[in-house]
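Have a look at the structure below before the remarks.
The values are calculated or read from the model by the stated rules, or taken from the named source; none is laboratory data. As the structure is a prediction and not an experimental result, all values here were calculated from the model. Using ideal geometry, Cβ is built from the backbone for each residue, glycine included, and neighbour counts are taken over all protein chains shown. Remember, those area values only see protein heavy atoms, side chains included, never the ligands or the DNA or RNA. Shrake-Rupley method; radii C 1.70, N 1.55, O 1.52, S 1.80 Å.
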Amino acid sequence: MINRYELDPSSRLNRFPFTWFPFNLLRRVIVFLRRLYLMAMSHVERSIRLQLMLTIGICLLASSFTYAISAQVFGEIRREANIDYTSGIEHIDNQARSLVNELNPPWFQEEPEVNVDVQDRMREFEEHVKRIATYDKFKVLVTDLEGKVIYRSANAAETNVEIYHVIGNAMNARTDDTYARKEFSSFYPINFKGQKSYLIVSGIPEPHITYRKGESPMSMLSAVAAFIFLFYFLTQRKMRYVEELAGGLRIIATGNLDYRAIERSPDELGSLARDMNLMVEDLQRRIEEERRYERLKSELITNISHDLRTPLTLIMGYLRLLHDKGYETPEQAAGYVNIAYSKAEKLQSLIDDLFEYTKLSNRDVPMYKEGVALNELLDQLLEEFVTLGEEQQLTLHRHIPKEKLLVRIDVDKMIRVFENLLTNALKYSLKPGEIQVNVSHDQRFVIVKISNRSEALSDEDLQQLFDRFYRVDASRSSDNGGSGLGLAIAKSIVESHEGSIWAEQDSGQIHFYVKLKLA
């Protein structure tokens, strides 16, 4: 039993009551993202380019992760020691800042009202300076604005300081990435005993040893290896399919036209497999048609040989009788001559049909096209067949519009087409009967339909009526069935006019159609 939620995955969202805000908005976002995902996946499935781009993206992402992990692993193995003075500089700076806070706290006024507080701060300041000088070996100086020392720690001997040099030392040490072990000075403006002054704390910063990860070629090698392996893994299925198609082409090249490639994907490779199958089917159909044509050609050669040999034998026989004077009266000799002449005409007609069909098939016959009213041409041609039809108990009915239907045709060649069709209708109609000729048209084409009652044909016979060398009844000779080239010649003529000709049958009637472009 099929679960209805399996038919439409988005319907699973209906299980949750998405009727309140913001749940209804969340549901719309989920449905939109799902549709966007399905649309993107459908495009990816149909395009090898997108699949390759997606595969390369995944491989690059995986190789980046591999590189990061490898850098951590191999970098720790090859880590390098680094002497860092940053913490020592910060310690000197912190000591200077604490001295500034002791001398000039945030709430301190330049002229304090209570001198006791100032003296207490000075004592604390001096004790702090002694500790710094004793334990940290830092020098503490207080100078006026000109650089003259007005207070100094016990370990300091300077009496005058170059202020600009101190400021430059403080700034360069903070911005110099290649700072080596040398004296560092921290510089702050203060108010010392009611006088604007500078506090300078100098010392050698203590080094701090840190370790930083080194670089290893294994990180890049592992990333490249991960990219190659993952790319090979993700593309091996497509590559196997490519190899399968290449193997199929080799099988087809050996002559096995029964082979069919399997369409495994909707992308370009699947299209290639489908095109391969269409190519093989078309090639197989062409080969079968050629074999059928060769068979029909062999049959025609047999039939034509018989058709040519029969009148030729009669002609030679009657001529021999005339040569040997094997006749009793001049009237009998004249009869022999008439028979020989009629057989010679029949022989010439067969040869002309073969010659004309060969030229039409090879497009060697020039077409002298001109504008002609097709309805008027058919009216004149049908008048010639009215008497022939009455002699064979066939009534000719025509339904031709009065308006002029102009077409550009080679009149002689197109008359040959309609004569062949009407002659076939007279020859193979059930007698008594009738022949219908109908003409219809639209804005671009005119269609002539010739219909008559005849014996039912098989679908195979109906499809092969216009094939070269084909006879419905192979036992018919040229005396009663024609050469088998009349309809083939008609088809070649119509197609040279960029038209089409075909046959249909229904309710015991056969219909021949000729479709031509209007001028």
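Summarised in one figure, the compactness ratio Rg/Rh of region 126-279, Cα atoms and Kirkwood Rh, is 1.71.
Taking the Kirkwood radius as Rh and the Cα radius of gyration as Rg, region 234-356 has a ratio of Rg/Rh equal to 1.52. Simple rule: put +1 on each Lys or Arg Cβ and -1 on each Asp or Glu Cβ in the chain, find the dipole, and look at M239, I92, P217; the Cα lying farthest toward the positive end is I92. Helix 23-45 and the long axis of the chain differ in direction by around 60°, with both axes built from C-alpha atoms.
Would you list which lysines come within 26 Å of K139, measuring only between C-alpha atoms, while excluding same-chain residues fewer than 8 positions from it? Excluding near neighbours in sequence, the set is K130, K148, K182, K193, K196.
The tail of the calculated P(r) for the chain, taken as Cα-Cα distances beyond 39 Å, holds 67 percent of the pairs. Excluding ligands, DNA and RNA, the accessible surface per residue across the chain is 64 Å² with a 1.4 Å probe. Note on S98: accessible area is roughly 40 Å² with a 1.4 Å probe, heavy atoms of protein only. Residues H511, H43, ordered by accessible area of protein heavy atoms at a 1.4 angstrom probe radius and largest first, appear as H43, H511.
Every helix of 4 or more DSSP H residues in the chain counts as -39500 (n - 2.57), and over all residues that averages to -19000 deg cm²/dmol at 222 nm. With the charge dipole of region 265-418 set up from +1 on Lys and Arg Cβ and -1 on Asp and Glu Cβ about the Cα centre, the Cα lying farthest toward the positive end among the listed residues Y327, V372, S265 is that of Y327.
Taking a straight Cα-Cα cut-off under 22 Å and skipping sequence neighbours fewer than 8 places away in the same chain, the lysines within cross-link reach of K515 are K369, K402, K404, K413, K449, K491.
Straight-line cross-link reach from K346 at under 14 Å between alpha-carbon atoms covers these aspartates and glutamates, not counting any fewer than eight positions away in the same chain: D307, D479.
Quick one: pull the percentage of alpha-carbon pairs in region 294-428 with a separation above 23 Å. The calculated P(r) of region 294-428 puts 59 percent of pairs beyond 23 Å.
If only the Cβ of Lys and Arg carry +1 and only the Cβ of Asp and Glu carry -1, the dipole of region 225-377 around its Cα centre is close to 600 debye.
Magnitude of the charge dipole for the chain, about its Cα centre and with charges confined to Cβ atoms of Lys, Arg (+1) and Asp, Glu (-1), is about 920 debye.
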